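No lab work stands behind these numbers, since they all come straight from the coordinates. Quick caveat: nothing in here was measured; it's all calculated off a predicted structure. Because the Cβ atoms are built from the backbone with ideal geometry, glycine has one as well, and the counts that use them run over all protein chains shown.
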Amino acid sequence: MQIPYRLALKERTEQTGIVMTGKNSRTTRSIAPPAEYYAPGAQWDMAIPRITLVDALNRALHRYPDRPFINFMGRHITYREFGQMVDRTAAGLQQQGVRKCTRVGLYMPNTPFYPVMMFAALKLGATIVNFSPLYTADELRKQIADSGTEVMVALDLKQYGDAKNSAPDLVKDGSLKKLIVCPMADMLPTFKSILFRLFKSKDVFSPDRSSTAIRTFSDLGLYGVKPFPVNIHPNDVALLQYTGGTTGTPKGAMLSHFNIAANVKQIEEMFGARPDRDHDPALIQMGREKFLVSIPFFHIFGLTVGLINAMATGSEIIILPNPRDMTATLEAIHKHRPTVFPAVPRMLQGIVAHQDLEHYNLKSIRAVISGGAALPPDVKAAFEKATGCGVYQGYGLSETSPVATSHPPCGENHPASVGQPMPRTEIKIVDPENPDISLPNGTTGEICIRGPQVMRGYWNKPDETRKTMTRDGFFRTGDIGHIDDHGYVFITDRLKRMLAINGFKVYPNMVEQALYAHPSVAECVVIGVNKGTVKESVKAFIRYKDDATDKPTAEQWRTFLADKLHALEIPRSFETRTEELPKTVVGKPDWKKLEDEEAQKANAQPSPPPSPR
């Protein structure tokens, strides 16, 4: 793949954190946590092998061939069987024209199809592009166009492929070259598959088999048992992970094979999962764990921590397709007894608040790796009390593959902190107005990250990439915080306005653009309404034009926005103002002031009962 922009770095030595810039190569100061306070048992200066994700898969297949890998609704797949499925699928994709650098979109919730298709495409040197099943048709088309996605893989369930989301239509109009349809019934155990075909036929769509551009998953198994080998380099881009970055405008973060593989090794080191420590009381033990994964694989947290990390450690993955079904989550924990549970705070909140919590045995869980949003201390304490396990909060971004910090299992426990830098990860705090000025410990500023997991740049956006990188090779996160003398990172505020609604990223700028599509709107500001420390709903403030006659009600707004935004982006509440909305001293909309006003109102009156979700 021709990388449209190679950062201003001629060489990045991921092993050491040393950056050399152009002709005047210079060594920059290593900014590592103090060794005497670093995670017990973990080495910050560990060696990270330069491997691809295909290498990581092959190692797991060699070490754990007969270990169970996937448990999906009663369907069990061993590592050996998974490897065979990947090879057959890769051979089929190769026959369908997938080559090195082909962008292959994955557009589905959590099912075994996702890891099979992902690793099959990666074996061919293709680049994965994640698409959320919650995308509207417009969002889908924009990301396909921006990424250059040629092949899309989707379920046959109507909500992921009918006229609303237009996957088949995208082939007809030429937006996609190929559509691979994955029948849900094919991944179910025999009895459930029969029942599904009998009673759920109305929920699936039948692809047009006369079109050579549309194929089914079973078609891919007709072309042989192995693909022709492809030379893959650790620096090749494995994934385009779309993110709002620091501006709210979606951009594709280019994550290489090495970026993601390095992050997996960092997680293993932090949590003690090393081959030479199989018999130590490590939190994650090689070849022995069961991961419960309901975080979507299309989310970088679910992909790296829930899927690839589990695979690399020889763990079994219990896959749940619906992250919002807390009853199904509790039943899975009670029945299958997982030991590791990657989760966003909303999941933990939903579990501890479940009305039947006491009827489920959750004691098998030894570790929860929490990320994606701020973890309220009371939720952490309640979950630890209910399970007896530790909840370890981390921090990261799509641009960092994603994990940049984590609480070490045996280190100090700071509920307000997001932990220490991962091995080989340097974090510094800079003046947000002048990133060349580094700030001392305890001083609040912008968090900047350098390490082997930091992206190669934004896809086809060299200017955006330059803006987010410092001259010495650190990624500017847009988040505000500080570091203490023991190397623990604390986030106090966010420059970017991203909201976390049920673990899903919502970008106010995108919502505002949709509101501005209405001709009556003079100005609008979208904010997150907080409950405690977690933003859990979206609110829009609107001022109409003086001559506007059409002023929609809240229900009319929801109808207007239905085809422009997905459900979690649509504001739950709307407030009309007749005067100009608050501005900063430089004339920008003052969304923080509006958030403060909402917080004051919430503190001045009793909280209303939660509305049904």
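Structural remarks
- Estimated FRET transfer efficiency (Asp547, Ala145; beta-carbon r; R0 45 Å; 0.05): 0.80
- DSSP-defined beta bridges in the stretch 499-604 - what % are antiparallel, rounded to 5: 80
- Over the stretch 499-604, equivalent-ellipsoid semi-axes from the Cα gyration tensor in Å: 21, 18, 12
- Pairs exceeding 30 Å between alpha-carbon atoms, taken from Lys290/Lys380; Lys123/Lys265; Lys363/Lys428: Lys363/Lys428.
- Taking N as its residue count, the alpha carbon Rg of the stretch 74-113 over 2.2 N^0.38 Å: 1.37
- Counting only aspartates and glutamates at least 8 places from Lys142 when in the same chain, those with an alpha carbon closer than 16 Å to its own are Glu150, Asp169, Asp173, Asp563.
- Placing a pseudo-label 7 Å from each Cα along the Cα-to-Cβ vector at Glu579 and Asn441 gives an inter-label distance of 4.8 nm.
- DSSP-loop trypsin sites (Lys or Arg not before Pro) across the stretch 81-144, with at most 16 other Cβ within 10 angstrom: Arg99, Lys100
- Fully extended contour minus Cα-Cα distance, from Asn509 to His233, at 0.36 nm per residue: 95.7 nm
- With a Cα cut-off of under 14 Å and a minimum spacing of 8 residues unless on different chains, the lysine pairs in the stretch 499-604 number 10.
- Reachable aspartates and glutamates from Lys467, criterion Cα separation under 15 angstrom, eight or more residues apart if same chain: Glu399, Asp431, Glu433, Asp436, Glu446, Asp479
- Computed extension gain for Lys177 through Arg288, at 0.36 nm per residue and net of the alpha carbon distance, reaches 35.8 nm.
- Take the Kirkwood radius over Cα pairs of the stretch 286-385, plug it into Stokes-Einstein at 25 °C and 0.890 mPa s, and you get 182 µm²/s for translational diffusion.
- With both labels modelled 7 Å from their Cα along Cα-to-Cβ, the Lys226 to Glu412 distance reads 5.3 nm.
- Cross-link pairs exceeding 28 Å between alpha carbons, from the set Lys100/Lys226; Lys172/Lys251; Lys251/Lys385: Lys251/Lys385.
- Pairwise FRET efficiency - Asp563 versus Cys101, Cβ, R0 = 51 Å, nearest 0.05: 0.95
- The alpha-carbon positions of the stretch 392-476 define a convex hull whose volume is 101 Å³ per residue.
- If you plug the beta carbon distance of Asp463 and Asp431 into 1/(1 + (r/R0)^6) with R0 = 22 Å, you get a FRET efficiency near 0.50.
- Partners for Lys335 among aspartates and glutamates (Cα-Cα distance below 19 Å; same-chain residues under 8 apart left out): Glu289, Glu316, Asp325, Asp356, Glu358
- Hydrodynamic radius (Kirkwood) for the stretch 332-405, which is based on Cα pairs only, to one decimal in Å: 12.7
- Taking trypsin sites (Lys or Arg not before Pro) across the stretch 278-371, the ones in a DSSP loop with at most 15 further Cβ atoms lying within 10 angstrom of their Cβ are Arg288, Arg324, Lys363.
- Between Lys601 and Tyr516, the simple label model (points 7 Å from Cα in the Cβ direction) yields a spacing of 2.4 nm.
- Where a label projected 7 Å from the Cα of Asp484 along Cα→Cβ would reach, residues of the stretch 430-455 with amide N under 16 Å: 441-444
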